[in-house]
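Enquirer: Sharing a structure below in structure tokens format, with a few things to ask.
The values are calculated or read from the model by the stated rules, or taken from the named source; none is laboratory data. Small disclaimer: the values here were computed from a predicted structure and weren't measured. Methodologically, a virtual Cβ is constructed for each residue, glycine included, from the backbone with ideal geometry; neighbour enumeration extends over all protein chains shown. The accessibility values were calculated without ligands, DNA or RNA, using every heavy atom of the protein model including side chains. Shrake-Rupley method; radii C 1.70, N 1.55, O 1.52, S 1.80 Å.
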Amino acid sequence: METPGQRSARKPGARAPLACAACRKRKTKCSGDWPSCRACTQRSQVCHYAGNNPQAVMQRQLHSRPGTPRSCSEDDLLHQLPSKEIVFEAFKLYFEYYGDSTFCFFKEFILMNDLEHGKVPLRLQFCVLALMARFIEPCFSIYNGTVEASEHFASLARTSMISTFDEISLLNMQCNLILCIHWTGHGDEHRAWFQLGVATRIAQSLRLLFEDSFPEDDMASTEIKRRTFWTCFTLDRLMANGGDRRLTFDISSITTKLPGTRSDFLLGRKTSAGTINDKVGTDEPLLAYTVRIVDILGNIVDWSGAGGRHNENRNPWDPSMPISSFERDLDAWERALPSHMRFNEENKEAHVAVGEGKSFCTMHMFFYNARGHLYREYIPVVIPPGWDPGTGPCDGPDLALDTSNPGWWAHAIRNGVSSAVAISTIYKSMASADLIPLVNPFLGYCLMTSSTFHIWCSLYNWKSCEGVLRGEPVKKLLIDDLRYLIQCQESWPVAAYWVSFLRPYTQRFPNSFPGKSTSHRF
């Protein structure tokens, strides 16, 4: 599946799939640009396509590369909104799918009331539609597909934000964060990183990193600002790769309190949450634990992507080695979880009952993803025949002679494999409980981490992995992961790359490769 950035632009002078009304009347060629063709732009007149046919809109988008959006009047944009029913469905699904997550910074009853009375800014409506249209059934037929529907509204969102591009406001920050998630799922990570960068600069300008910037007498608006900042922080950690996308926020300077409980947020109560620089507690809100583990995950990926163990000649168990520090951070986080926060089916059902099932499972997915990333650090890209990770690295650098912890290597690969199994198990548990994990593209990244380990355990008979899943059981996990990613690609184009990566491996297993999935409906 192509991403928006891969589609070729239509050559100048080529016939447009649909001409605007003015060009039809003048019987001249129409460029077909949206929202205004070149001829109408030059004449400073309103460009109107007959019937405002959404399918024709998508045809223009499919033949043009998204570039700098053209300015458009508020009235013109207002006419591009879909029916009131679709808009309301988009906002309802936003709260249903993201309401208990770190990606939600609105109060549902307030925002839905504002939507009912026409008080929600147009740009925010288009941003929410860009994120959620892929899950709204009428959009499948109106806009010729799930991805096409979201691309259509993302284009309108960008157009509606032109005049407020450099506006330093919480609303502008929130719109950019929503579009960041959209573009991440579409595989356009550079555009997503750009949107996140705008949001980050707004957060810094508004001093959202510092608790003393919030009014003490308005808990409701204060928690909205906090949650908007922590969404920005979370996306910064989830998108950093150690290469062209390095971590932006330095936590040592952040004094803003972590997200409070969902009930405190909705009721406007003062939160009891501490700061990210406080020692992790044993009774913190769910989202506070989530932010902490995402911070650890982001630091692991950033370190690894910047060279990781290839820049070190110390043994991984050396206390001063980053990988040893990350181990301690992960262990401290896991030990701090109270009994009702630990993952098991009973706790999952309890969190589902209080409306926090998705966030509970997502938190644990991020934890095991962090462990998986950490313990695959010493696995080479190309695995030589006969090598076993339990014997230590095979591709350098030369480590200092230290035999004080000979069991570390087997410990590392076994922890990595067990983390991969946990990721697959939790994702399947979410799907079985109708928690719809595919709405969060970052959980797809977690499945890619688990699938990597499953591939190794399917292809290599490593002695160090005796006692953990190998052979046929792990092949089944790999096939299940691939089935979920095939479903995911119907809504998030980035999943198509994951599927294409996994297919060559799963095709080695006779009669086990999943075929094309049927379209899902929500």
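Enquirer: List the trypsin sites (Lys or Arg not before Pro) in the range 284-366 that DSSP assigns to loop (not H, G, I, E or B) and whose Cβ has at most 15 other Cβ atoms within 10 Å. Which are they?
Expert: ARG342
Enquirer: Additional query: Which whole-Hz couplings ³J(HN,Hα) result when phi for each residue of the range 314-327 is put into the Karplus expression 6.51 cos²θ - 1.76 cosθ + 1.60, θ = phi - 60°, listed in order with x for Gly and Pro?
Expert: The phi angles translate into 8, 6, x, 7, 4, x, 8, 6, x, 5, 5, 5, 5, 4 Hz.
Enquirer: I would also like to ask the following. Can you tell me the orientation of helix 146-160 relative to the chain, as the angle in degrees between its alpha-carbon axis and the longest Cα principal axis, to the nearest 10?
Expert: 70
Enquirer: Could you do me a favour and compute the accessible area per residue for the chain, 1.4 Å probe, result in Å²?
Expert: 43
Enquirer: Taking only Cα atoms, what is the 0 to 90° angle, nearest 10, from helix 84-98's long axis to the longest principal axis of the chain?
Expert: The angle comes out near 10 degrees.
Enquirer: Using alpha-carbon positions, what is the distance between the centroids of the range 320-346 and the range 456-492, in Å?
Expert: 24
Enquirer: Could you please put ARG226, ARG201, ARG207, ARG191 in sequence from largest to smallest accessible area, using a 1.4 Å probe?
Expert: From most accessible down to least: ARG201, ARG207, ARG191, ARG226.
Enquirer: Relative to the longest principal axis of the C-alpha atoms of the chain, give the angle of the C-alpha long axis of helix 219-239, reported between 0 and 90° and rounded to the nearest 10°.
Expert: Between helix and principal axis, roughly 70 degrees.
Enquirer: While we're here: Return the subset of LYS84/LYS270; LYS257/LYS348; LYS107/LYS348 for which the Cα-Cα distance in this structure is over 29 Å, preserving the input order.
Expert: LYS84/LYS270
Enquirer: Under a cut-off of 18 Å between alpha-carbon atoms, report the aspartates and glutamates in cross-link reach of LYS279, not counting same-chain residues fewer than 8 places apart.
Expert: GLU211, ASP250, ASP295, GLU327, ASP329, ASP331, GLU334
Enquirer: Round to a whole number: what % of the accessible area of the chain belongs to carbon and sulfur, probe 1.4 Å?
Expert: 51
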